[in-house]
Amino acid sequence: MPKLPLLSVIAISFGLVACGNQDDGSAFPEGSRETPSASAAPAEEAPQTIVDVVAANDQFSTLEDLVAIAGLQDDLRGASSVTLFAPSNAAFAALPEGALDVLRRPENREELAALLKYHVVSGQFDSEALGSGGQTLTTLAGMPLQSGVTGEVVTIADAVVISPDIAADNGIIHVIDAVLLPPVQE
């Protein structure tokens, strides 16, 4: 099954759902800027990789499940420093009905991995670095991802960073309010 049509269908469906959403102008709903983090760990505990931080936070249970299905734990647990733009459970719930079921199918593992790699860039980019102006980042999927800033609102593609700068030993996590969909390549 070709990769492009599945992601295209999801992108088109997501676009149709997004068109019906109303924007009240507030990029940060009341209380949404709290920075979730794993419990403060004593110095003798094992390092907290991005995979560990995701597993310890309830708002990432869908992401944790999808990373496991795609077989990307080692990519996010490795020694290389990465930045993860992590969709919350609410962001995944906003996908069109059935989209997650399709992505979870074994025959769509490559497409799922490509989608998730589109949320990861090499290196650590904290909110200050992202907020310094529009940057084009290259994802682990090999595609460009644009960051931007309007006032104090940091965006990644069409998603808003709702909880920035969650530290992990091998990188940094920014919670975003939408699942990033790679551009359709013709």
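A few remarks follow.
- Spatial separation of Cα centroids for segment 96-115 and segment 119-138, in angstrom: 26 Å
- Segment 38-186: antiparallel DSSP beta bridges as a percent of all, rounded to 5: 75 percent
- Sequence-distant residues sharing a close amide H with Ser81 (under 5 Å, placed H): Gly123
- Annotation: amide H-H contacts under 5 Å for Val154 (H modelled 1.01 Å from N, sequence separation of 5 or more, or interchain): Val161.
- Amide H contacts under 5 Å for Gln48: Asp169, restricted to partners 5 or more places along the chain or on a different chain, H placed in the peptide plane at 1.01 Å from N.
- Sorted on the mean count of surrounding Cβ atoms within 10 Å across their residues, most packed first, peptides 84-92, 65-73, 50-58 read 84-92, 50-58, 65-73.
- Backbone geometry of segment 148-164 corresponds, through the Karplus equation with coefficients 6.51, -1.76 and 1.60 at θ = phi - 60°, to 3J(HN,Hα) couplings of x, 8, 10, x, 10, 8, 9, 10, 10, 6, 9, 9, 9, 6, 9, 8, x Hz, x marking Gly and Pro.
Taken together, the values in this text are just the output of simple stated rules run on the coordinates, not laboratory data. Every value quoted in this text rests on a predicted model; they were computed, and no experiment measured them. Reconstructed Cβ throughout: ideal geometry from the backbone, glycine too, with neighbour counts over all protein chains shown.
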